[in-house]
1. Can you tell me which residues in the stretch A:75-102 are at pLDDT 95 or above, more than 23 Å from A:Arg17 (Cβ to Cβ) and within 14 Å of chain B (Cβ to nearest Cβ)?
2. List the pairs whose first member sits in the stretch B:34-49 and is on the phi > 0 side of the Ramachandran plot, whose second member is of a type outside the set (Lys, Arg), and whose Cβ atoms are under 7 Å apart, counting only residues at least 6 apart or on separate chains?
3. From the set of residues in the stretch A:16-26 that are under 17 Å from B:Ala109 (Cβ atoms) and not basic (Lys, Arg), which is farthest from the other protein chains (Cβ to nearest Cβ)?
4. For the stretch B:28-38, what are the residues that are surrounded by 13 or more Cβ atoms within 10 Å (Cβ to Cβ) and more than 7 Å from chain A (Cβ to nearest Cβ)?
5. Being more than 27 Å from B:Ser4 (Cα to Cα) and assigned to a loop (DSSP other than H, G, I, E, B) is the filter here; which residues of the stretch B:64-117 pass it?
6. When you check B:Ile61 against the structure, is it part of a loop (DSSP other than H, G, I, E, B) and more than 7 Å from chain A (Cβ to nearest Cβ), yes or no?
There are 2 protein chains.
Amino acid sequence: MPASTRILLLAHGSSDRRWCETFEALARPTLDALPEARIAYMELSEPSLESQVEQAAAEGIKDIRVVPLFLAAGRHLRRDVPAMLEALKARLDIDVILLPPIGENPRLAHALKGIVTETLET
Amino acid sequence: MPASTRILLLAHGSSDRRWCETFEALARPTLDALPEARIAYMELSEPSLESQVEQAAAEGIKDIRVVPLFLAAGRHLRRDVPAMLEALKARLDIDVILLPPIGENPRLAHALKGIVTETLET
């Protein structure tokens, strides 16, 4: 895998610190395993998506992939985030791709089955 | 596992049909594997949480467990859903427990690491 790639795990953000702590715990194994990965927030929390993209660009990284920590695509992922990324691409010499929300990935559906099976066993 | 348990996979709901399709796909392996499981929506989509709890009560099921298909607990899970469940418990002879949002489960954090690793390999 090229060291010139940056993965941004994009969460919504909230003024409630507990919200962010949940996303930080969710991201932790990924952040620990993959040096390319960072967390970023769409709004209300830091580090912002904008600051993380700017940081990657400043490091000379041109391949930025945004993995939305969202279960499904609503208004934010269909409209707001693409607009934010277009503005950043227009301003910085980078390539940014927005990947599907994690809830669309079969790995999550499989994990959910494990969670519910566990729930029935307790 | 007791046949007298009902698991409700609770999603937010949306007027956008694509939103619900994502949650139905996310729930599919669980629904296929576990006859106790049903999907329910908090608002804007059917079947509603209320109708699914009423249905379980009508079937004589007293042990209802709600698994939130949410990554983290915001206002809905801290306030709105508990209030909905309290009102249902006051009206029906049932026991309902609200479990943590799936995003707090280590299985999801592990699945996320798999998704991101896969993303880096393509």
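1. Listed by number, the residues that qualify are A:Leu77, A:Arg78, A:Arg79, A:Val96, A:Ile97, A:Leu98, A:Leu99, A:Pro100, A:Pro101.
2. Going by the 7 Å Cβ cut-off, the qualifying pairs are B:Leu44/B:Gly13; B:Leu44/B:Ser14; B:Leu44/B:Ser15.
3. Taking the stretch A:16-26 and keeping what is under 17 Å from B:Ala109 (Cβ atoms), we get A:18-26.
Filter again for not basic (Lys, Arg), leaving A:19-26.
Details: A:Trp19: 5, A:Cys20: 8, A:Glu21: 9, A:Thr22: 4, A:Phe23: 6, A:Glu24: 10, A:Ala25: 7, A:Leu26: 5 Å.
Top of the filtered list is A:Glu24.
4. If the condition is that a residue be surrounded by 13 or more Cβ atoms within 10 Å (Cβ to Cβ) and more than 7 Å from chain A (Cβ to nearest Cβ), then B:Leu31, B:Arg38 are the ones that fit.
5. B:Leu71, B:Ala72, B:Ala73, B:Gly74 - these are the residues of the stretch B:64-117 that are more than 27 Å from B:Ser4 (Cα to Cα) and assigned to a loop (DSSP other than H, G, I, E, B).
6. Values: part of a loop (DSSP other than H, G, I, E, B): yes; more than 7 Å from chain A (Cβ to nearest Cβ): yes.
It is true that B:Ile61 is part of a loop (DSSP other than H, G, I, E, B) and more than 7 Å from chain A (Cβ to nearest Cβ).
Results for (1) over 11 Å from the mean Cα position of the chain (by Cα); (2) outside any loop (DSSP other than H, G, I, E, B); (3) within 9 Å of chain A (Cβ to nearest Cβ), shown as yes or no for each residue.
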position	(1), (2), (3)
B:Leu8	no, yes, no
B:Ser14	yes, no, yes
B:Ala40	no, yes, no
B:Glu50	yes, yes, no
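The values are calculated or read from the model by the stated rules, or taken from the named source; none is laboratory data. As the structure is a computational prediction, the values presented were derived from the model and not from experiment. Every residue, glycine as well, gets a Cβ built from its backbone with ideal geometry; the counts of neighbours run over all protein chains shown.
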